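The values are calculated or read from the model by the stated rules, or taken from the named source; none is laboratory data. Remember, it's a predicted structure, so these values are computed and weren't measured experimentally. Because the Cβ atoms are built from the backbone with ideal geometry, glycine has one as well, and the counts that use them run over all protein chains shown. Ligands, DNA and RNA are excluded from the accessible area calculation, which covers all protein heavy atoms including side chains. Shrake-Rupley method; radii C 1.70, N 1.55, O 1.52, S 1.80 Å.
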Amino acid sequence: MSAPRVLLVTFNRLAPADQGNARRILQLVGFYRKKGYEIDLVYHNEEGFDPALANALHLLFSRVVVVKSSAPKHIRQPEHICRIDDWYDPAIGQMCQHLHRLHGYQIVHVNYVWYAPIFQHFGPDVIKVLDTHDVFADRADKYKRAGMLPQWFSTSRAEEDAAIRLADAALAIQKEEAAEMVERGHQNILYFPYVELASRDFTSPEIGRRPLTLGYLGSGNDWNILSMRELVAQMRRRKERFPFPIIVAGGVSKHVRETPGIIKLGFVKELHTFYDAIDVAINPMVGGTGLKIKTVEPLRYGKPVITTPSGAQGLTHLWQQPILKDAEELLSYLVEHFNGPNSTGIKQLIAQAQATREALEAEYLAQVDRFSRWLKHRLN
């Protein structure tokens, strides 16, 4: 019997995978590849296409088809409400239907709720998987509560619920989001968290010989920019200079004000080079939606993480490291516990990080097994 064939649809530029949503998609690509499935990609070109991207994609997928986006992307103001039809491009569904006639897919996997109408081009013999990435119902309200103008996609519960019902399985990246969708009456929700298995051991830095080095890696999205601006503002308000250097990398770097003690790296080609340069990762998030991949990613590289309630969203049931209420409290905690030759604080933090990583990995592997068993049942 030949291996199942998967048709994966995304608008996200997967190489370089410098944003969390791209790494999430690659996580599922890795899952299917590990199971021996053959994967074709339909790339809905909204983030550019060039030879470098083409080469990277052809290493990942059996076939790559590029469809130029003609989605209207209409946003209804002043509520900032998007209808699924306003963001759906019929050309993408037609291409998927054409490819299915040629190759006969057993699974069609789409990312983001406004791509769910693609499922209507496939019959009941094809497994339809929707990776939600986020709850998008009333998402604009979260921006407004933070004093920000709503950005990107936000829809109503009715629109989102109708789209989720088109899928055989909708993947939730957060346990809380999975519970919310179930409470809304959905019976096709599977919790599939984002965790990358360990590639580095935890090691204790020699605090007495040099200052503790902190690090923040994030894309240039609105929430990351707002969070770093708040952190910098709190650093400047302190009576004494903050004693630890902070290395800032990723797209957010260009939005960070020049400040003593902050080192801006910009884009980092290899993640391990960034994490090898720091001792502790920080994520001073002030809000946002979805799982903060920048919170769990450092653990893979053997680095503890100190964050806020927003940064730990979706992780608190397993998190054993400090969660500080805001940037001001986070800075004060670091000074109180790590400014001096005594390394007891860092050793305790590393132990907490190790326990957190083990708990996250155990939960991830259990959910991967659950999804695997669900697919096997549907394929047989």
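The share of alpha-carbon pairs in region 59-128 lying farther apart than 20 Å comes to 36%.
Could you please report the charge total around S154, scoring K, R as +1 and D, E as -1 over all other residues with beta-carbon less than 12 angstrom from its beta-carbon? Local net charge: -1. At a probe radius of 1.4 angstrom, the accessible area of the chain per residue rounds to 44 square angstrom. Rounded to the nearest 500, the 222 nm mean residue ellipticity of the chain from helices alone is -12000 deg cm²/dmol, with -39,500 (n - 2.57) taken per DSSP H run of at least 4 residues. State whether region 298-340 is rounded, prolate or oblate according to the following rule on the C-alpha gyration tensor (a ≥ b ≥ c being the square roots of its eigenvalues): a/c under 1.5 gives rounded; otherwise a/b larger than b/c gives prolate, and the remaining case gives oblate. It is oblate, given that a/c is not under 1.5 and a/b is not larger than b/c.
Each residue of region 355-371 was assigned a 3J(HN,Hα) from its phi angle through the Karplus curve 6.51 cos²θ - 1.76 cosθ + 1.60 (θ = phi - 60°); the sequence is 5, 5, 4, 5, 5, 5, 5, 4, 5, 4, 5, 5, 6, 4, 5, 5, 5 Hz, with glycine and proline shown as x. Where a ≥ b ≥ c are the square roots of the eigenvalues of the C-alpha gyration tensor, would you call the chain rounded, which needs a/c under 1.5, or, failing that, prolate if a/b is larger than b/c, or oblate? It comes out prolate by the Cα gyration axes. Rounded to the nearest 20, the Cβ-based charge dipole of the chain about its Cα centre (Lys and Arg +1, Asp and Glu -1) stands at 480 debye. Across the accessible surface of region 208-310, with the other protein chains kept in place and a 1.4 Å probe, carbon and sulfur atoms take up 49 percent.
Ranking N45, A167, Q367 by how far each Cα lies toward the positive end of the dipole of the chain (charges on Cβ) leaves N45 at the top. Once region 1-103 is represented by equal point scatterers at the alpha-carbon sites, with solvent omitted, what log10 I(q)/I(0) does the Debye formula produce at q = 0.11, 0.15, 0.25 Å⁻¹? Calculated log10 I(q)/I(0) at the listed q: -0.39, -0.70, -1.40.
Separation of region 51-117 and region 236-260 by C-alpha centroid, Å? Answer, in whole Å: 39. Bridgeable aspartates and glutamates around K239 (alpha carbons under 14 Å apart, same-chain partners fewer than 8 residues away excluded): E328.
Going by a ≥ b ≥ c, the root eigenvalues of the Cα gyration tensor, does region 198-248 fall in the rounded group (a/c under 1.5), the prolate group (a/b larger than b/c) or the oblate group? Judged from the Cα gyration tensor, region 198-248 comes out oblate (a/c at least 1.5, b/c at or above a/b). What you get for region 97-176, charging only the Cβ of Lys and Arg (+1) and of Asp and Glu (-1), is a dipole of about 140 debye around the Cα centre.
Checking every one of the chymotrypsin sites (Phe, Trp or Tyr not before Pro) in region 236-327 against DSSP loop status and a limit of 16 other Cβ atoms within 10 Å picks out F267. Using only the C-alpha atoms, the convex hull of region 306-380 corresponds to 80 Å³ per residue. Bridging of K142 to lysines at a Cα separation below 16 Å is possible for K292, once same-chain residues fewer than 8 apart are set aside. Straight Cα distances below 13 angstrom link K144 to the aspartates and glutamates E79, D222, with same-chain residues fewer than 8 positions distant left out. Distant-in-sequence amide contacts of I39, defined by a placed amide H-H separation under 5 Å and a gap of 5 or more residues or a different chain, comprise V6, S62.
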